[in-house]
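First the structure, in the form of C-alpha coordinates, and then the observations on it.
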Amino acid sequence: MTNAERIVCSDTGALAERAAGWLVATVAEMAVPVVRLALSGGSTPEALYRRLAEAPHRDRMPWDRLAVYWGDERGVAPDDAASNYRMATEALLDHVAVGAVHRIEGERTDAAARYEALLREATADGGPPLHVVLLGMGADGHTASLFPDTPDLDTEAFVVETVSPAPPARRISLTLNAINAASVVGVVVSGASKSERLAAVWAERREGRATSPMSRVEPAGRLVWLMDEEAAAKLS
Ligand code: 6PG
(Lines give C-alpha, C1' and ligand atoms only; values in the text may rest on other atoms or scores of the structure.)
Protein backbone atom coordinates (compact mmCIF):
# COMPACT_ATOMS: atom_id res chain seq x y z
CA MET A 1 0.00 0.00 0.00
CA THR A 2 1.43 3.40 -0.99
CA ASN A 3 2.21 5.56 1.99
CA ALA A 4 -0.68 7.80 1.25
CA GLU A 5 -0.36 11.38 2.40
CA ARG A 6 -3.35 13.07 3.98
CA ILE A 7 -4.08 16.82 3.89
CA VAL A 8 -7.22 17.88 5.77
CA CYS A 9 -8.60 21.42 5.40
CA SER A 10 -11.29 23.17 7.43
CA ASP A 11 -13.85 23.58 4.63
CA THR A 12 -14.34 23.46 0.86
CA GLY A 13 -12.89 26.94 0.35
CA ALA A 14 -9.74 26.11 2.31
CA LEU A 15 -9.50 22.80 0.44
CA ALA A 16 -9.65 24.52 -2.96
CA GLU A 17 -6.99 26.99 -1.84
CA ARG A 18 -4.69 24.31 -0.39
CA ALA A 19 -5.16 21.99 -3.37
CA ALA A 20 -4.29 24.81 -5.77
CA GLY A 21 -1.06 25.54 -3.92
CA TRP A 22 -0.28 21.82 -3.72
CA LEU A 23 -0.77 21.38 -7.48
CA VAL A 24 1.46 24.36 -8.32
CA ALA A 25 4.22 22.97 -6.10
CA THR A 26 3.79 19.45 -7.50
CA VAL A 27 4.04 20.59 -11.12
CA ALA A 28 6.91 22.98 -10.41
CA GLU A 29 9.02 20.22 -8.85
CA MET A 30 8.47 17.72 -11.67
CA ALA A 31 11.90 17.11 -13.22
CA VAL A 32 10.61 16.88 -16.79
CA PRO A 33 10.41 19.60 -19.44
CA VAL A 34 6.70 19.00 -20.08
CA VAL A 35 4.39 17.86 -17.29
CA ARG A 36 1.48 15.73 -18.46
CA LEU A 37 -1.38 16.60 -16.08
CA ALA A 38 -4.80 14.90 -16.16
CA LEU A 39 -7.70 16.99 -14.87
CA SER A 40 -10.78 15.55 -13.22
CA GLY A 41 -14.45 16.39 -13.58
CA GLY A 42 -16.67 17.13 -10.63
CA SER A 43 -17.57 20.12 -8.47
CA THR A 44 -14.71 19.64 -5.98
CA PRO A 45 -12.03 19.77 -8.70
CA GLU A 46 -13.86 22.70 -10.32
CA ALA A 47 -13.40 24.81 -7.16
CA LEU A 48 -9.69 24.02 -7.32
CA TYR A 49 -9.48 25.10 -10.99
CA ARG A 50 -11.12 28.45 -10.19
CA ARG A 51 -8.51 29.11 -7.49
CA LEU A 52 -5.72 28.15 -9.87
CA ALA A 53 -6.97 30.83 -12.28
CA GLU A 54 -6.55 33.49 -9.58
CA ALA A 55 -3.53 35.11 -7.94
CA PRO A 56 -1.25 33.98 -6.41
CA HIS A 57 -1.48 30.51 -7.97
CA ARG A 58 -2.03 31.80 -11.50
CA ASP A 59 1.23 33.71 -11.30
CA ARG A 60 3.22 30.82 -9.83
CA MET A 61 2.22 27.89 -12.06
CA PRO A 62 4.62 27.17 -14.96
CA TRP A 63 1.70 27.01 -17.42
CA ASP A 64 3.87 26.71 -20.53
CA ARG A 65 5.32 23.44 -19.16
CA LEU A 66 1.88 21.89 -18.81
CA ALA A 67 0.27 19.51 -21.29
CA VAL A 68 -3.31 19.16 -20.07
CA TYR A 69 -5.24 15.91 -20.41
CA TRP A 70 -8.40 14.59 -18.78
CA GLY A 71 -8.95 11.63 -16.48
CA ASP A 72 -12.37 11.08 -17.96
CA GLU A 73 -15.04 12.62 -20.13
CA ARG A 74 -18.67 12.21 -20.75
CA GLY A 75 -19.85 10.98 -24.17
CA VAL A 76 -20.91 14.48 -25.17
CA ALA A 77 -19.71 17.35 -27.36
CA PRO A 78 -17.16 19.80 -25.91
CA ASP A 79 -19.78 22.56 -25.62
CA ASP A 80 -22.24 20.36 -23.75
CA ALA A 81 -23.07 21.46 -20.18
CA ALA A 82 -22.02 17.98 -18.97
CA SER A 83 -18.58 18.14 -20.59
CA ASN A 84 -15.58 17.93 -18.25
CA TYR A 85 -13.58 19.70 -20.95
CA ARG A 86 -16.06 22.59 -20.98
CA MET A 87 -16.03 22.84 -17.18
CA ALA A 88 -12.22 22.98 -16.96
CA THR A 89 -12.02 25.39 -19.89
CA GLU A 90 -14.50 27.85 -18.37
CA ALA A 91 -13.03 27.54 -14.85
CA LEU A 92 -9.35 27.61 -15.80
CA LEU A 93 -8.06 27.08 -19.32
CA ASP A 94 -9.72 30.17 -20.80
CA HIS A 95 -7.78 32.25 -18.25
CA VAL A 96 -4.25 30.85 -18.59
CA ALA A 97 -1.90 29.86 -21.42
CA VAL A 98 -1.03 26.18 -21.05
CA GLY A 99 1.47 24.51 -23.36
CA ALA A 100 -0.98 22.00 -24.85
CA VAL A 101 -4.55 20.81 -24.37
CA HIS A 102 -5.54 17.25 -25.26
CA ARG A 103 -9.25 16.82 -24.72
CA ILE A 104 -11.02 13.47 -24.85
CA GLU A 105 -13.28 13.68 -27.92
CA GLY A 106 -16.37 12.47 -26.11
CA GLU A 107 -18.61 13.12 -29.08
CA ARG A 108 -16.75 10.52 -31.17
CA THR A 109 -17.55 6.82 -30.95
CA ASP A 110 -13.83 6.06 -31.31
CA ALA A 111 -12.83 8.50 -28.54
CA ALA A 112 -11.35 5.82 -26.28
CA ALA A 113 -9.19 4.35 -29.05
CA ARG A 114 -7.95 7.79 -30.10
CA TYR A 115 -7.05 8.77 -26.52
CA GLU A 116 -5.34 5.43 -26.00
CA ALA A 117 -3.17 6.12 -29.04
CA LEU A 118 -2.40 9.64 -27.77
CA LEU A 119 -1.27 8.34 -24.38
CA ARG A 120 0.75 5.49 -25.93
CA GLU A 121 2.48 8.10 -28.12
CA ALA A 122 3.22 10.22 -25.02
CA THR A 123 5.13 7.34 -23.42
CA ALA A 124 7.62 7.43 -26.32
CA ASP A 125 9.70 9.77 -24.13
CA GLY A 126 10.15 6.95 -21.65
CA GLY A 127 7.85 8.51 -19.10
CA PRO A 128 4.45 7.45 -17.82
CA PRO A 129 1.40 8.36 -19.87
CA LEU A 130 0.63 11.03 -17.26
CA HIS A 131 2.95 12.52 -14.64
CA VAL A 132 0.23 14.02 -12.42
CA VAL A 133 -3.36 12.78 -12.20
CA LEU A 134 -6.07 14.68 -10.33
CA LEU A 135 -9.04 12.60 -9.21
CA GLY A 136 -12.31 13.12 -7.41
CA MET A 137 -14.26 10.42 -5.62
CA GLY A 138 -17.93 9.60 -5.85
CA ALA A 139 -19.97 8.50 -2.82
CA ASP A 140 -20.12 5.02 -4.42
CA GLY A 141 -16.32 4.76 -4.55
CA HIS A 142 -15.98 5.58 -8.22
CA THR A 143 -13.12 7.66 -9.47
CA ALA A 144 -12.61 9.15 -12.91
CA SER A 145 -15.34 7.18 -14.69
CA LEU A 146 -14.41 3.82 -13.19
CA PHE A 147 -17.49 2.61 -11.35
CA PRO A 148 -17.86 -0.30 -8.92
CA ASP A 149 -19.49 -2.42 -11.64
CA THR A 150 -17.04 -1.45 -14.39
CA PRO A 151 -15.78 -4.75 -15.83
CA ASP A 152 -12.09 -5.58 -16.26
CA LEU A 153 -10.56 -3.01 -13.92
CA ASP A 154 -7.26 -4.87 -14.46
CA THR A 155 -7.05 -4.13 -18.17
CA GLU A 156 -3.64 -3.22 -19.59
CA ALA A 157 -5.28 -0.50 -21.65
CA PHE A 158 -4.84 3.15 -20.69
CA VAL A 159 -8.35 4.21 -21.72
CA VAL A 160 -11.72 2.47 -21.67
CA GLU A 161 -15.31 3.29 -22.42
CA THR A 162 -17.57 2.76 -19.39
CA VAL A 163 -21.22 3.10 -18.43
CA SER A 164 -22.18 5.50 -15.67
CA PRO A 165 -25.19 4.91 -13.42
CA ALA A 166 -25.71 8.69 -13.54
CA PRO A 167 -26.31 10.43 -16.86
CA PRO A 168 -24.66 10.90 -19.27
CA ALA A 169 -24.28 7.13 -19.28
CA ARG A 170 -21.52 6.89 -21.88
CA ARG A 171 -18.13 7.72 -20.41
CA ILE A 172 -14.50 7.55 -21.51
CA SER A 173 -12.06 7.00 -18.64
CA LEU A 174 -8.45 6.43 -17.77
CA THR A 175 -7.92 2.93 -16.45
CA LEU A 176 -6.22 1.98 -13.20
CA ASN A 177 -3.23 1.00 -15.35
CA ALA A 178 -2.89 4.57 -16.60
CA ILE A 179 -3.67 6.19 -13.25
CA ASN A 180 -1.31 3.95 -11.28
CA ALA A 181 1.56 4.61 -13.68
CA ALA A 182 1.54 8.28 -12.63
CA SER A 183 4.33 9.91 -10.64
CA VAL A 184 1.78 11.66 -8.46
CA VAL A 185 -1.95 11.17 -7.93
CA GLY A 186 -3.93 13.78 -6.01
CA VAL A 187 -7.45 12.92 -4.84
CA VAL A 188 -9.67 15.82 -3.79
CA VAL A 189 -12.71 14.93 -1.70
CA SER A 190 -15.16 17.24 0.06
CA GLY A 191 -18.43 17.06 1.94
CA ALA A 192 -20.14 14.93 4.57
CA SER A 193 -21.71 12.79 1.82
CA LYS A 194 -18.28 11.28 1.13
CA SER A 195 -17.25 10.55 4.75
CA GLU A 196 -18.64 7.01 4.97
CA ARG A 197 -17.16 5.96 1.65
CA LEU A 198 -13.81 7.60 2.37
CA ALA A 199 -13.53 5.71 5.65
CA ALA A 200 -14.47 2.49 3.84
CA VAL A 201 -11.87 3.10 1.12
CA TRP A 202 -9.14 3.74 3.68
CA ALA A 203 -10.14 0.58 5.56
CA GLU A 204 -10.09 -1.46 2.33
CA ARG A 205 -6.63 -0.16 1.54
CA ARG A 206 -5.28 -0.67 5.05
CA GLU A 207 -6.60 -4.23 5.23
CA GLY A 208 -5.48 -5.20 1.74
CA ARG A 209 -8.99 -5.89 0.46
CA ALA A 210 -9.24 -3.15 -2.13
CA THR A 211 -12.31 -3.71 -4.33
CA SER A 212 -13.74 -0.30 -5.21
CA PRO A 213 -12.01 1.62 -8.02
CA MET A 214 -11.01 4.38 -5.59
CA SER A 215 -9.35 1.94 -3.19
CA ARG A 216 -7.35 0.41 -6.05
CA VAL A 217 -5.59 3.66 -6.89
CA GLU A 218 -2.00 2.78 -5.96
CA PRO A 219 0.32 4.97 -8.03
CA ALA A 220 3.94 4.13 -8.70
CA GLY A 221 4.78 7.44 -7.05
CA ARG A 222 3.00 9.56 -4.49
CA LEU A 223 -0.68 9.35 -3.52
CA VAL A 224 -1.98 12.48 -1.81
CA TRP A 225 -5.49 12.78 -0.39
CA LEU A 226 -6.73 16.35 -0.06
CA MET A 227 -10.00 16.62 1.81
CA ASP A 228 -12.11 18.86 3.99
CA GLU A 229 -13.03 18.07 7.60
CA GLU A 230 -16.53 16.93 6.70
CA ALA A 231 -15.23 14.30 4.29
CA ALA A 232 -12.51 13.23 6.73
CA ALA A 233 -14.87 13.04 9.72
CA LYS A 234 -14.98 9.22 9.87
CA LEU A 235 -11.32 8.52 9.22
CA SER A 236 -9.47 7.01 12.17
C1 6PG B 1 -16.85 13.15 -13.34
C2 6PG B 1 -15.65 12.96 -12.45
C3 6PG B 1 -16.02 12.16 -11.23
C4 6PG B 1 -15.99 13.12 -10.06
C5 6PG B 1 -16.55 12.49 -8.81
C6 6PG B 1 -16.58 13.50 -7.67
O7 6PG B 1 -16.71 13.09 -14.56
O8 6PG B 1 -17.91 13.44 -12.75
O9 6PG B 1 -14.58 12.50 -13.10
O10 6PG B 1 -15.15 11.08 -10.98
O11 6PG B 1 -14.64 13.51 -9.81
O12 6PG B 1 -17.87 12.06 -9.11
O13 6PG B 1 -17.36 14.60 -8.06
P14 6PG B 1 -17.74 15.74 -6.95
O15 6PG B 1 -16.42 16.32 -6.51
O16 6PG B 1 -18.59 16.71 -7.72
O17 6PG B 1 -18.45 15.04 -5.84
*Can you tell me which residue within region 31-60, out of those that are more than 16 Å from the ligand (Cβ to nearest atom), open to solvent by 10 Å² or more (accessible area, probe 1.4 Å) and of a type in the set (A, V, I, L, M, F, W, C), is farthest from the chain's Cα centre (by Cα)?*
A55
*Go through V184, V188 for me and flag whichever is in contact (Cβ under 8 Å) with a residue 60 or more places away in the chain, away from the ligand (no atom under 16 Å from the Cβ), open to solvent by less than 20 Å² (accessible area, probe 1.4 Å) and in contact with a strand residue (DSSP E or B) (Cβ under 8 Å, 6 or more places away or on another chain).*
V184
*Kindly establish whether E121 is within 17 Å of R74 (Cα to Cα) and among the acidic types (D, E).*
no
*asked:* Can you say whether V24 is part of a helix (DSSP H, G or I), more than 16 Å from the ligand (Cβ to nearest atom) and of a type in the set (A, V, I, L, M, F, W, C), as far as the supplied structure shows?
replied: yes
*Does D154 count as on the phi < 0 side of the Ramachandran plot and within 12 Å of the ligand (Cβ to nearest atom)?*
no
*Only residues that are of a type in the set (A, V, I, L, M) and either open to solvent by less than 20 Å² (accessible area, probe 1.4 Å) or on the phi > 0 side of the Ramachandran plot (or both): list them for region 157-181, please.*
V159, I172, L174, L176, A178, I179
*Options A88, A82, A122, A112; residue that is surrounded by 19 or more Cβ atoms within 10 Å (Cβ to Cβ) and within 14 Å of the ligand (Cβ to nearest atom)*: A88
*What number of residues within region 96-123 are in a helix (DSSP H, G or I) and touching a Leu at 6+ places or on another chain (Cβ under 9 Å)?*
3
*When both residues are 6+ apart or on different chains and their Cβ atoms are under 9 Å apart, which pairs have a first residue that lies in region 136-149 and is over 13 Å from V160 (Cβ atoms) and within 9 Å of the ligand (Cβ to nearest atom), and a second that is among the acidic types (D, E) and modelled with pLDDT of 95 or more?*
A139/E196; T143/D72
*Is it the case that G21 is farther than 17 Å from V132 by Cα, surrounded by fewer than 20 Cβ atoms within 10 Å (Cβ to Cβ) and not hydrophobic (A, V, I, L, M, F, W, C)?*
no
*Is it fair to say L66 is open to solvent by less than 50 Å² (accessible area, probe 1.4 Å) and within 26 Å of E230 (Cα to Cα)?*
no
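The values are calculated or read from the model by the stated rules, or taken from the named source; none is laboratory data. It should be emphasised that the depicted structure is a prediction, and the values quoted were computed from it without experimental measurement. Counting neighbours? That spans all protein chains shown, and the Cβs are built from the backbone with ideal geometry, glycine included. Accessible surface areas use protein heavy atoms only, side chains included; no ligands, DNA or RNA. Shrake-Rupley method; radii C 1.70, N 1.55, O 1.52, S 1.80 Å.
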